[in-house]
Structure formats: C-alpha cells, structure tokens
Amino acid sequence: MLKRSIPLLIMVCTFAFQRPPGPAANSAGSVADALATGWMLVDTNGDGIADFVNGKVVVPARPSAAENSAAANLAARLGFGTTGLTMPLVINAAANASDGPRIWVGRDTVPPQFAAELATLAPKLEDEEGGVFAGGRQSGGDRQR
Amino acid sequence: MTAVSRLLRMPIPSALDARLYVPAGAAGTALANLAARMGMEATGVTLPLASPATDSAVKDVRTQAVIAGDSALSKEADAKLRAQDTASPQTEPNLARGEGEIRVVNDSFARRGALLARGDDAGAAAGLDLLSGHFPNLWEPGKPYLSLEEIRYDLHRFFSLRSGAGQAAVGLYHLERWMKEIGTAPVKNVKAELFVDLTDPHLTDFVRGQIQDRLHPEGLEVVTNSLRAGTKCCDRQPGVHYQAAEQAFHTSTPTFTEDLVIPWEGTRLLQAVQGVSSRVRRGGDVKLVARVSEGPEQRRKLQAQLEDLPKHAGANPQRLQVVVLSAYKPGYSWLMDEIAPELAAKPVASVKIEFAKEVDPTGERAMYSPARWVQELYPVDEMLARKLNLPLAKITLDQFEPSKGSPTYRVHAYDAGSNEILA
C-alpha cells in the first residue's frame, strides 16, 4: 500500500495546540502507543474499555486515494478500539480545528509547529518508502517500504 | 447486503465481510469515516479494510465492496446497476451538483454485492457521510430518534392498509373513480362515509372539498370517523380512552351499556346467615366460621353483626361461637384470630404448629413447593411469640405427611410441665 511514487508519511502528534474540554489525553509516548487507550482512545467512565475517540485523523486538503485509504485503515482500527465514536473521525486539513490529538496522513497535513521536527526525519526516507513518526513531546519513528 | 457478518446465533457482528475501494477527494475521506464506523460496529476486523480504488481491478474483488469515485470498479458496479434497474433512468432525475446517493448493487462482482456511492465528489461524500454518521437513524443517531426501520414500518402499514392514512388514501382513490364514472351529470343528495382506523380531524372537510369541487352536488353529507377501540367510548370510562398526540379523544354514543352491581361479600355473608337463622334451635349450639377478604377491623364488625343473628333466632349466647377469618391468609388468621385469644388466658409455655406437606398428585404442576403451607403462615411464629409473650424458640413448626381428610394445620399448646393445654 505504501508503494507510491511519493512516500506516504503519517505523523502521530502527541498533543495539539490546546487541550480539549473533554477527557484528558495522555501522551502517545511512541508510535506503538498511538492506538492504546489513553491517548486518542479514551476510557471516559473508568470501566477499562475505551469509549471515546479524543482526536482526529487528518488528510490533506486534496487527499489522494492512497492517503484516504491509509486514513480509512487507521480509522477502522480506531473505531475497532472504542465503543463510542463521534463522526467525523477523519477530517480534511482545510477543516481542521486544533482541539485534540491528531494523526496526520501525508506530509502536507503536518502543521508548521511540527514540520521542522519532521524535516529532520523525512529526508531519510528513500523512494517508495513511507514512515510513521511520533511528534511533539517525544520523537521517534518506524518506517516501512 | 450487510458488510458486517456474525457467527451463527451470535447477535454481535464478529467480522467485516467487505472491502472499501477508496478514491481520492472528499468521497474517499467519507469512505474513511465509514471505515471507522464499520470498525466500531464489529468485534473483529481484518486490516487492511481499505485500499485505493485506482489500484484495484474487477477480478481482484473477492468480498462485498463499497465503492465510490470514478474507477474501473465503480464503472463495473454502475453498469450492473443500470442492467438491474432499468426503470430508474426513466423515473428518477439525474443527480444534481452536490447531490449523491448510495445504491445497493446485487451480484456486482460475480455473486458479491456492492454499495455504490454515486454523484459528484461532494454528492458521493454526502451520501457516505449520511451512511456512516446517521444510519440506521434518519438524522440524529440513537435509539430515541426516528429510525429508518420506523419509516419502513410506517410505509408497510400505509400500503397494507393498516394505518388510517393508508385506509383514507384507498377510500379517496375509490371516491375519485366513482366521481369519474359520474362525470358531469348533475347529482344531488350525495352522502359519503369514510371510516378508518384513526381519522384525521380534517378528513371530513377534505372529502367534502373533493366532492364539492368535482360534482357540485345539490345536498352533500360527509361522515368520517375512527374505528380504533377507545376513540368513541363514553365519558364515564376515561381509562379506556385512546390517547395519542395527533388524535384527541371525543365522546360518542356507546353501542351498548350495561351496569353490573357486584354485592359486597360482607352483605352476601350476612344475607346467607340470615337465611339459615330460622333453622337455629332455641337454646341450641351455634358455631359459625366465615372467611372474608377484609381487614381485622371490618372482620370484627362483621363478627358482631353475625353474632346478633343467631341470638335473635334463639341460640344460646353462652354456646355461640362466631369466627370471621381472613380469606387471604386463612392459616395465619386462624392462629392469630382464633387460637391466640384462646391461649392468652392459659399458662402457655410452648406452642407447636404442624403443617401439611404440600403434595402434587399429578406431578405436573410448574409452580409447586412442598413447603407451601408453612410459607403461607409467615410470620406467624414471631407474631404468636409477641402476642403470647413467649421466646421465639418456644414456637416450633413441624411438617407432617397429610392423609386423606387430614387438616392443613394442627396446633398444640403446652404448659411448663409439657402438658397439652389446648383442647
């Protein structure tokens, strides 16, 4: 799926510009934690089961089929991990309000605050290679051809 | 077609039986939101659920498909749809700009069905957003809000003539046909009656207007009414009035009325005793045991009235015994109202109550307990202990095997020397 002429790049943002008024979100310490309860998936009633998605998946203003497809698979996984969901979960970067955790799909979606951080990692990708990066408090990344 | 599948007899979808073929643009983003909804609805999901529509060929489709955008897959599904639904090109207008629709295409890819989002990018996205964010509700999601199933059921009731609206529509259809047959011939003294399950308050005026406009009759009477139970019943029975927001209750002449007077059981008891009082021998013994479904105070009043009847008939007041027990808990009432007063004046040290074991000779009763008769006594041991000023341990309960003709309860009272003192 990542076999594109332009590398598909996903950035997991540990916090956005301001905290939402809803449930507090813990930091996604690494890419591996992004789908665990506590960051984007939140247990709001303390029963041990995530019941709220406290964030959005952001696609570019003009998303390609590959970017939409990647967002769809992320969204399916997030939906699978929760018992409650407020639509839309996947939003366009042009309509993005910065009110919670974000998973940015595509290099163009990443806001300037994190672009500099990403700029040091993205050039390391080779042709037809994509990567998933955690931005914000702690950076790291996994990449895949 | 369903995109989520469930195991046999399991009410919860355990897997997804579909793949999303995602285009670029807003429609593709809307499909991504549908993927979130599908993931949430199932307890199992196999990834990837979605793949770019541009990368997929028709031969690659091996599950049910959800398709949007302009791709080989959507063209294939669209062609199948047009082949299956030959009427819609003539009956349905083309989708306008920004307008979309979701169509189910049966056997779209071999025997596999597809959901096809049609329209331009914004229109297809709007259709998919409706599907992922609102269905199965019409708009607000959640059980309290209007669902598509309710709309389907309303339509079913309409077309199967189970709703007042459907019945009225058929009535108006026939009226239309009859008026066509009459044509322009002058008519007079027209009477139209239309009865439906629940009539609309404006139906009479509507029917009158239809006839008036078409026939211009000389003399017109229109009657419409409801047939639903509770819509016409009498003022005296508000409990049976049909209540609905759109249907106000109105009185009408009842079809029939009948007054039933059920005499009070106390009156019937007094009349029955009065009826046999003439057979009391002067100076003779009288023992009367009655059971009524009244409380202690009413039973005491009845007892006083019942005692007067044999006395006036000549019974010996010294040898007259009248007991009025509770019919609801006869065993408890017997012990508390008849036995306890008798023991109150005696040096009682202990009491043993024996109860018959309940037996089901048929062996077929669903509700059955061998301890039924002791359960009926509850809480007689505590009440007797309090009334006779005895420790609770001195009131014992024992079960006995009943024989033919044996009583349900037996009671024994003993003094401190274990001598039985209840004759």
### Query
In the range A:89-110, how many residues are more than 14 Å from chain B (Cβ to nearest Cβ) and either assigned to a helix (DSSP H, G or I) or touching a residue at least 60 places away in the same chain (Cβ under 8 Å) (or both)?
7
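Each row is one residue, and each column tells you yes or no for (1) more than 8 Å from chain A (Cβ to nearest Cβ); (2) part of a strand (DSSP E or B).
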{"residue": "B:L20", "(1), (2)": "no, yes"}
{"residue": "B:G28", "(1), (2)": "no, no"}
{"residue": "B:N33", "(1), (2)": "no, no"}
{"residue": "B:T46", "(1), (2)": "yes, no"}
{"residue": "B:S51", "(1), (2)": "no, yes"}
{"residue": "B:S74", "(1), (2)": "yes, no"}
{"residue": "B:K80", "(1), (2)": "yes, no"}
{"residue": "B:Q90", "(1), (2)": "yes, no"}
### Task
Return yes when B:L335 is closer than 19 Å to B:K287 by Cβ and crowded, with 18+ Cβ neighbours inside 10 Å and no when it is not.
yes
### Query
Quick one: B:A304 ticks every box in (1) under 44 Å from the mean Cα position of the chain (by Cα); (2) assigned to a helix (DSSP H, G or I) bar one, so which box is it?
(1)
### Query
Looking at the range B:361-373, is at least one residue surrounded by fewer than 16 Cβ atoms within 10 Å (Cβ to Cβ) and either over 35 Å from the mean Cα position of the chain (by Cα) or under 23 Å from B:P391 (Cβ atoms) (or both)?
yes
#### Entry: Selection within the range B:183-211 - surrounded by fewer than 14 Cβ atoms within 10 Å (Cβ to Cβ) and part of a helix (DSSP H, G or I)
B:D205, B:G209
#### Entry: Selection count where residues are away from chain B (no Cβ under 12 Å), free of Cβ contacts under 8 Å to residues at least 24 places away in the same chain and either touching a Gly at 6+ places or on another chain (Cβ under 6 Å) or within 30 Å of B:T54 (Cα to Cα) (or both), scope the range A:35-73
0
## Note on the structure
Restricting attention to the range B:269-282, the residues that are closer than 13 Å to B:Q305 by Cβ and of a type outside the set (S, T, N, Q) number exactly 4
### Query
Are any residues in the range B:273-290 surrounded by fewer than 13 Cβ atoms within 10 Å (Cβ to Cβ) and not in a strand (DSSP E or B), and if so, which ones?
B:G275, B:V276, B:S278, B:R279, B:R281, B:R282, B:G283
### Query
Can you name the residue in the range B:35-44 that is touching a residue at least 24 places away in the same chain (Cβ under 8 Å) and more than 18 Å from B:P11 (Cβ to Cβ) and, of all such residues, is surrounded by the fewest Cβ atoms within 10 Å (Cβ to Cβ)?
B:R37
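No lab work stands behind these numbers, since they all come straight from the coordinates. Computed from a predicted structure; not experimentally measured. Note that we place each Cβ from the backbone using ideal geometry, even for glycine, and neighbour counts take in every protein chain shown.
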